[in-house]
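Beneath this line is the structure, given in structure tokens, with notes to follow.
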Amino acid sequence: MHYDLLVIGGGPAGYVGAIRAAQLGKKVGCIERDRAGGTCLNWGCIPTKALLRNAELYHAVAHRAADYGLKFDKLSFDWEKIIGRSRQVSDKLAGGIEFLFKKNKIDYHRGDASFKDAKTVIVAGKDDKKEEHTADHYLIATGTVARALPGIEFDGKAVLNARQAMVLPKQPASILILGAGAIGVEFAYFFNAYGTKVTLVEMLPRVLPVEDDEISAVVERAYKKSGVRVLTGVKASGTKVTKKGVQMTLDGADGKPGETLEAEALLVAIGVAPVIPAGLKLDLDPKGYIKTGARYETNVPNVYAAGDIIGAPWLAHVASWEAIQTIEGIFEGHQPKKIEHFPGCTYCQPQVASIGLTERAAKEKGLKYRVGKFPFSASGKALAVGESDGFTKILFGEPHGEILGAHIVGNEATELIAELGLAMNLEATYEEIEATIHAHPTLSEAVHEATGAAHGRAIHI
């Protein structure tokens, strides 16, 4: 088959790019080795949120039922059903993407793709059948896979990647989690909620190291309070699989061997590695990601790339945005917009969401700014629902009052960040936010109050 556009990869960049091209009246095909939706929908964003929702409910009932006047006898859980619900959610949404392919008349090919030449792709299916397709334009959206520790392979039992961790047939009694980024802290919350002994290890000085320092401190404090052992500023100097599980030695002072940790399982959450399709001589950056220009073009004519495969930030919503920019650039001649502001979300408890500069980054840039903070402990809605941990923090530039960055830790932070993203996109200042009436009682009032606090006008603190 010959296509106007052939997309390699069916994740948030791939399927979104394919649908947008089809909406523009183009003949489109999409190749996916696993299932429509890619890692995000099938093995990442979506199923982990289903698991976390289960954990939130169980943790609340197990530890805070009395706060709400509730009583339970012999509270228990069904691990198999917890995992099963997560898979059902992913299956339903993957089916939804496949329906959208049919609706938009997109040819959906299952198999591994490789380039025969710059105009031809070979698709190798699971039944060993091979097909050849050609296209005027290609979009590479092959994404990433979990990065392993050197010398230690994932086995799905003792040494896990995130994909394996979310389908464990049996709850581990103890687990080491190496890496305290978003993936690490989310799984730490999930396993700890059900009673697994969790040790979270991070070589940088803070958990969630890309977040604002104050945000990271709140999360670390909450985790330690809930029983998670948090070790920051340490490195794993040696790891080995044992008969009982995994043993890890940490670097101590002056690089000397320090404490040795043991657990039934190890989850490695130290980052991702790119998946590059074979057959093309693509220019890659030093970390192995595809280099692209201002229009997301590669060094090979008519071959484009978007999403995780072109490097950080590795976020589904950024991947989708990049894919749409790419497609509209190819077929409508639009100059792709530069990414300026994008939200980052971590769905642990308390939730974390941010956009723009951290206070640390603002200081490094030598910017003048004001900080407005409002604690959820002073929010009527937060107190009413029993989730008063955390705060909203907004950085406003001086002298114009534009938003430089916003950081939220607490209940529904991942939902609240959208207002601040819109405000930044519209170049709103503190005056526009303060002039916007926020419904009462809502958690979003914290945004309004934090804005007022930056200029000494907050009413409720």
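Quick check, is GLY181 touching a residue at least 12 places away in the same chain (Cβ under 8 Å) and of a type outside the set (Ser, Thr, Tyr)?
Working: touching a residue at least 12 places away in the same chain (Cβ under 8 Å): yes; of a type outside the set (Ser, Thr, Tyr): yes.
It is true that GLY181 is touching a residue at least 12 places away in the same chain (Cβ under 8 Å) and of a type outside the set (Ser, Thr, Tyr).
Restricting attention to the stretch 307-349, which residues are touching a Pro at 6+ places or on another chain (Cβ under 6 Å) and either modelled with pLDDT under 95 or small (Gly, Ala, Ser) (or both)? Walk me through it before giving the result.
Kept after step one, since they are touching a Pro at 6+ places or on another chain (Cβ under 6 Å), are these residues of the stretch 307-349: 309, 316, 319-320, 325, 329.
Residues satisfying the conditions are ALA316, ALA319, SER320, GLY329.
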Subset tally (residues that are surrounded by 20 or more Cβ atoms within 10 Å (Cβ to Cβ), not β-branched (Val, Ile, Thr) and not in a loop (DSSP other than H, G, I, E, B)) for the stretch 148-198: 15
Identify the residue in the stretch 406-461 that is without any contact (Cβ under 8 Å) to a residue 12 or more places away in the chain, of a type in the set (A, V, I, L, M, F, W, C) and farther than 27 Å from CYS348 by Cα and, among all such residues, is surrounded by the fewest Cβ atoms within 10 Å (Cβ to Cβ). ILE437
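Results for (1) closer than 15 Å to ALA278 by Cβ; (2) touching a residue at least 60 places away in the same chain (Cβ under 8 Å), shown as yes or no for each residue.
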| residue | (1), (2) |
| --- | --- |
| ILE106 | no, yes |
| HIS109 | no, yes |
| ASP112 | yes, yes |
| PHE115 | yes, yes |
| ALA118 | yes, yes |
| ASP127 | no, no |
| TYR138 | yes, yes |
| ALA141 | no, yes |
| ALA148 | no, yes |
Residues in the stretch 322-334: is at least one assigned to a loop (DSSP other than H, G, I, E, B) and surrounded by 20 or more Cβ atoms within 10 Å (Cβ to Cβ)? no
Check the stretch 62-79 and report whether any residue there is surrounded by 14 or more Cβ atoms within 10 Å (Cβ to Cβ), of a type outside the set (A, V, I, L, M, F, W, C) and in a loop (DSSP other than H, G, I, E, B). no
Based on this model, can you work out whether THR260 counts as surrounded by fewer than 19 Cβ atoms within 10 Å (Cβ to Cβ), more than 26 Å from PHE342 (Cα to Cα) and either in contact with a Gly (Cβ under 9 Å, 6 or more places away or on another chain) or at pLDDT 95 or above (or both)? yes
Considering the stretch 272-289, residues that are in a loop (DSSP other than H, G, I, E, B) and surrounded by fewer than 15 Cβ atoms within 10 Å (Cβ to Cβ), and then whichever is farthest from the chain's Cα centre (by Cα), we arrive at LYS281
Does any residue of the stretch 377-387 turn out to be modelled with pLDDT of 95 or more and touching a Gly at 6+ places or on another chain (Cβ under 6 Å)? no
Quick one: would you say SER216 is of a type in the set (Ser, Thr, Tyr), in a helix (DSSP H, G or I) and either touching a strand residue (DSSP E or B) at 6+ places or on another chain (Cβ under 6 Å) or surrounded by 20 or more Cβ atoms within 10 Å (Cβ to Cβ) (or both)? yes
Does the stretch 28-40 hold any residues that are touching a helix residue (DSSP H, G or I) at 6+ places or on another chain (Cβ under 9 Å) and part of a loop (DSSP other than H, G, I, E, B), and which are they? ASP34, ARG35, ALA36, GLY37
Strands (runs of 3 or more DSSP E) completely within the stretch 345-428 that count 3 or more residues being over 28 Å from ALA316 (Cβ atoms): 369-375
Of the residues that sit in the stretch 147-203 and are out of contact with any helix residue (DSSP H, G or I) (no Cβ under 8 Å at 6 or more places or on another chain) and of a type in the set (Lys, Arg), which one is modelled with the highest pLDDT? LYS197
Tell me which of these ARG457 doesn't satisfy, since it passes every other one: (1) at pLDDT 95 or above; (2) in contact with a helix residue (DSSP H, G or I) (Cβ under 9 Å, 6 or more places away or on another chain). (1)
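The values are calculated or read from the model by the stated rules, or taken from the named source; none is laboratory data. None of the values given here were measured: they were computed from a predicted structure. All Cβ positions, glycine included, derive from the backbone under ideal geometry; neighbour counts span all protein chains shown.
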